[in-house]
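Comments concern the structure below.
Read-outs: derived from the displayed coordinates by stated rules, not from any lab. Just so we're clear, the structure is a prediction, and the values are computed from it rather than from any experiment. Here the Cβ positions follow ideal geometry from the backbone for every residue, glycine too, while neighbour counts run over all protein chains shown.
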Amino acid sequence: MSYFVYILECNDGSLYTGITKDISKRLNEHNLSDKGAKYTKVRRPVKLVYKESSENRSTASKREYAIKKLTRLKKLELIYKGNSSKLVKDN
């Protein structure tokens, strides 16, 4: 099973980056459960604005780290480019 690197837009406009095997389940956790990240718990609701698949956890973790190091502007460019040909649904 592949992993996903994802970016969420929080209610306050901030961006959160993470990895998961199951996007729908993880988004639900961020919005509704105590299993969501501490960062997103106080910034609900969150919505999925970007995702990309990775071969394995190691690759996903490296990509997550690289995205987290980007400036906000670069993250927004990544989101825009990633969504220019498809729409990411609010799961």
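The table for this structure:
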| read-out | value |
| --- | --- |
| The chain, dipole about Cα centre (Lys/Arg Cβ +1, Asp/Glu Cβ -1), debye to the nearest 20 | 180 debye |
| Positive-end residue, the range 3-83 charge dipole about Cα centroid, Cβ charges, pick of Tyr65, Leu48, Leu78 | Tyr65 |
| Cα gyration tensor shape for the range 14-66, rounded if a/c is under 1.5, else prolate or oblate | prolate |
| Structure-based [θ]222 nm, the chain - -39500 (n - 2.57) summed over DSSP H runs of at least 4, per residue, nearest 500 | -12500 deg cm²/dmol |
| Max mean-square fluctuation residue, GNM over the chain, Cα-Cα springs under 10 Å, options Tyr50, Tyr39, Tyr16 | Tyr39 |
| Too-long pairs where the Cα-Cα distance tops 18 Å, listed order kept, from Lys47/Lys69; Lys21/Lys51; Lys51/Lys74; Lys35/Lys75 | Lys47/Lys69; Lys35/Lys75 |
| Gyration tensor verdict on the chain (Cα atoms; rounded if a/c is under 1.5, prolate if a/b is larger than b/c, oblate otherwise) | rounded |
| ³J(HN,Hα), Karplus 6.51/-1.76/1.60, whole Hz, each residue of the range 25-33, x for Gly, Pro | 4, 5, 4, 4, 4, 4, 8, 10, 10 |
| Rounded FRET efficiency, nearest 0.05, which uses the C-beta distance separating Leu73 from Lys47 and R0 of 30 Å | 0.95 |
